[in-house]
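A.B. asks: First the structure, which I've put down as structure tokens, then a few questions once you've had a look.
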Amino acid sequence: MRKIIVAAMAACAACAAASADEPPPRAVAIKAGKLVDVLSKTVRADQMIIIEGDRIKTVGPAASTAIPEGAAVIDLSADTVMPGFIDTHTHVTSDPTISFYESYNISHAREAVIGAMNARRTLLAGFTTIRNVGANGFSAVAVRDGVERGDIMGPRIYASGPLIGITGGHCDENNLAPEFNYQSEGVADGVDEVVKMVRRNVKYGADLIKYCGTGGVFSKGDTPGAPQYSLEEAKAIVEEAHRLGRTVAVHAHGAEGIKIAIKAGADSIEHASLVDDEGIRMAKKAGTVFSMDIYNTDYTQAEGKKNGVPEENLKKDRDIGEIQRENFRKALKAGVKLSFGTDAGVYPNGDNAKQFKIMVRYGMTPMEAIVAATETGAELLKKQKDFGAVAPGRFADIIAVKADPMSDVSVLEQMDFVMKEGKVYRGAPDECAAAPSAWPCENPSRR
């Protein structure tokens, strides 16, 4: 026994010595001409951000913040610097240019390949975190795991797995004749079935749960305003998801489905297009987040017919598009929490930032829109300690543009600098060299 103890002590001493010999995380200093502080909702001039490894160590005035010896310096003193953006409603494995008919030839494996392409586009657009709320099979989970392992380039992904929905509802496949005898894999009816489906999604890697509480726009035979799951079923989904440590996002256009989801304790309502005044009051009181995709109707109406979207779906989109935007304005005025959720995949992934100008047009200030795409998104994901702001302790997810987004928010559509977890993915050659990633760095001039 004495020999075992001595050997163990020797091994521990060797480990400690090896640990002491390891070099400290590489330091990077970023000079920020303007820094958007989403916590105080102010823009601070002449700031210095010190990064060690993948996290931010300090943030302070450039004049009084010392640059660590040997640190690489990235000069963004002519730029507006912000935290990496968060899109809380994406479909990264989807491509809107693939028609309904062509989509039947797309396997889950092929969707994952599309997802890898779109993940890269999304990151280079300045979105360092996304919430993927629905993909066939577990293709988005595969993309998430590929990013985490370093196999592919992309944002941090929180994936829901297959959408849970009723037989014949928005999350079922209603475009095939009865003799095909097909239904989508997330279909579940009744309390026992929905609980089992939540458990299945978690089993295969879902970070959150998404269910369809009303009809939808891009589905056949249903109406966006019609509720689908009962309150009893909705409560069963939410309670089981929360018990397993997952949040719940609910597809809900119609007022009744929105109120059912809020009563059930859902964390976020996706779309919220036809919400009424009572639903707005309920969301404000409960702290439920609305993730309202108020840009994509522009794309659908301009490009949908060319992309093969049926007239039934184009009409649904026309019927509720402007109503949704006015309800966004109402929810904002009432003080409902609004995250930045775009439904990327209905329009091309990578164009996520086009929603900023629509949010400003319908009542937000540029600062409020940026907060929705940063700190509010982090709160919804329950990850405020990790990202959502340029602050000590959080991941070094940092983006920048040359122009002033507070004067013209549309400049966020042309990202000049993208850093995720202390590595640069988009920037000028010297910026890329200061904190290189494992992937070729994209020069902003190659837009």
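A.B. asks: Once fully extended, how much extra length lies between residue 231 and residue 175, figured as 0.36 nm per residue of separation less the alpha-carbon to alpha-carbon distance?
C.D. replies: Stretched fully, the residue 231-residue 175 segment lengthens by 17.4 nm.
A.B. asks: Could I ask something else about it? Among 275, 90, 393, whose Cα projects farthest towards the positive end of the dipole of the chain, with charges put on the beta-carbon of Lys, Arg (+1) and Asp, Glu (-1)?
C.D. replies: Among 275, 90, 393, the one farthest towards the positive end of the dipole of the chain is 393.
A.B. asks: Write down the accessible area per residue of the chain in Å², having rolled a 1.4 Å probe over the full set of protein chains.
C.D. replies: With all protein chains present, the chain gives 43 Å² per residue.
A.B. asks: Roughly how big is the chain's charge dipole about its Cα centre, with Cβ charges of +1 (Lys, Arg) and -1 (Asp, Glu), in debye to the nearest 20?
C.D. replies: The calculated dipole for the chain is roughly 1020 debye.
A.B. asks: Determine the alpha carbon to alpha carbon distance for each of 220/382; 220/383; 235/285; 196/305; 235/385; 196/354 and list only those over 27 Å.
C.D. replies: 220/382; 220/383; 196/305; 235/385; 196/354, as the Cα separations exceed 27 Å there.
A.B. asks: Now for a different question. Taking a cut-off of 17 Å between Cα atoms, list the lysines near residue 41, but don't count ones fewer than 8 places away on the same chain.
C.D. replies: The qualifying lysines are 337.
A.B. asks: Would you mind telling me the antiparallel percentage of the DSSP bridges in the range 16-100, rounded to 5?
C.D. replies: For the range 16-100, the DSSP antiparallel bridge percentage is about 70.
A.B. asks: With both partners inside the chain, how many of the DSSP beta bridges are antiparallel, as a percent to the nearest 5?
C.D. replies: Rounded to the nearest five, the antiparallel share is 45 percent.
A.B. asks: I've got another one for you. Spin-label point model (7 Å from Cα, Cβ direction): what's the residue 183 to residue 403 distance in nm?
C.D. replies: About 5.1 nm, to one decimal.
A.B. asks: Further question: Once every DSSP H run of n ≥ 4 in the chain is given -39500 (n - 2.57) and the sum is divided by its residues, what mean residue ellipticity at 222 nm do you get, rounded to the nearest 500 deg cm²/dmol?
C.D. replies: Details: 14 runs with 156 residues, N = 447.
For the chain, the value works out to -10500 deg cm²/dmol.
A.B. asks: Net charge near residue 34, counting Lys/Arg +1 and Asp/Glu -1 over other residues with Cβ under 12 Å of its Cβ?
C.D. replies: After counting each charged neighbour, the total is -1.
A.B. asks: Hey, got the dipole for the range 36-104? About the Cα centre, +1 on K and R Cβ, -1 on D and E Cβ, debye to the nearest 20?
C.D. replies: Magnitude of the dipole: close to 300 debye.
A.B. asks: Specify whether the C-alpha gyration tensor of the range 388-447 places it in the rounded, prolate or oblate class, a ≥ b ≥ c being the square roots of the eigenvalues: rounded for a/c under 1.5, otherwise prolate if a/b is larger than b/c and oblate if not.
C.D. replies: oblate
A.B. asks: Next up: When only Cα pairs under 8 Å and 6 or more residues apart are kept, what is the percent relative contact order across the chain?
C.D. replies: Relative contact order for the chain comes out at 18 percent.
A.B. asks: Along the charge dipole of the chain, Cβ charges K/R +1 and D/E -1, which of 359, 177, 71 sits furthest on the positive end?
C.D. replies: Of 359, 177, 71, it is 71.
A.B. asks: So, one more: Nothing charged except the Cβ atoms of Lys and Arg (+1) and of Asp and Glu (-1): what's the magnitude of the dipole of the range 304-447 about its Cα centre? Round to the nearest 20 debye.
C.D. replies: 300
A.B. asks: Provide the net charge surrounding residue 256, with neighbours chosen by a C-beta distance below 11 Å and charges set as Lys +1, Arg +1, Asp -1, Glu -1.
C.D. replies: Every neighbour counted, the sum reads 0.
A.B. asks: Where Lys and Arg each count +1 and Asp and Glu each count -1, what net charge lies around residue 202 among other residues with Cβ under 12 Å from its Cβ? The partial results should precede the final answer.
C.D. replies: Working: positive: 196, 199, 200, 203, 243, 246; negative: 207, 240.
With Lys, Arg at +1 and Asp, Glu at -1, the neighbours total +4.
A.B. asks: Can you pull the percent of the chain's accessible area that's carbon plus sulfur, 1.4 Å probe, other chains left in place? Don't jump to the answer; show the numbers that get you there.
C.D. replies: Values: 10150 of 19090 Å².
Here it works out to 53 percent.
A.B. asks: Set the Förster radius R0 to 41 Å, insert the Cβ-Cβ distance between residue 196 and residue 26 as r into 1/(1 + (r/R0)^6), and round the FRET efficiency to 0.05.
C.D. replies: Efficiency, from the Cβ-Cβ distance: 0.30.
The values are calculated or read from the model by the stated rules, or taken from the named source; none is laboratory data. This is a predicted model, so every value here is computed, not measured. All Cβ positions, even for glycine, are placed from backbone atoms using ideal geometry, and neighbour counts span all protein chains on display. Heads up: the accessible areas ignore ligands, DNA and RNA and are worked out on the full protein's heavy atoms, side chains in. Shrake-Rupley method; radii C 1.70, N 1.55, O 1.52, S 1.80 Å.
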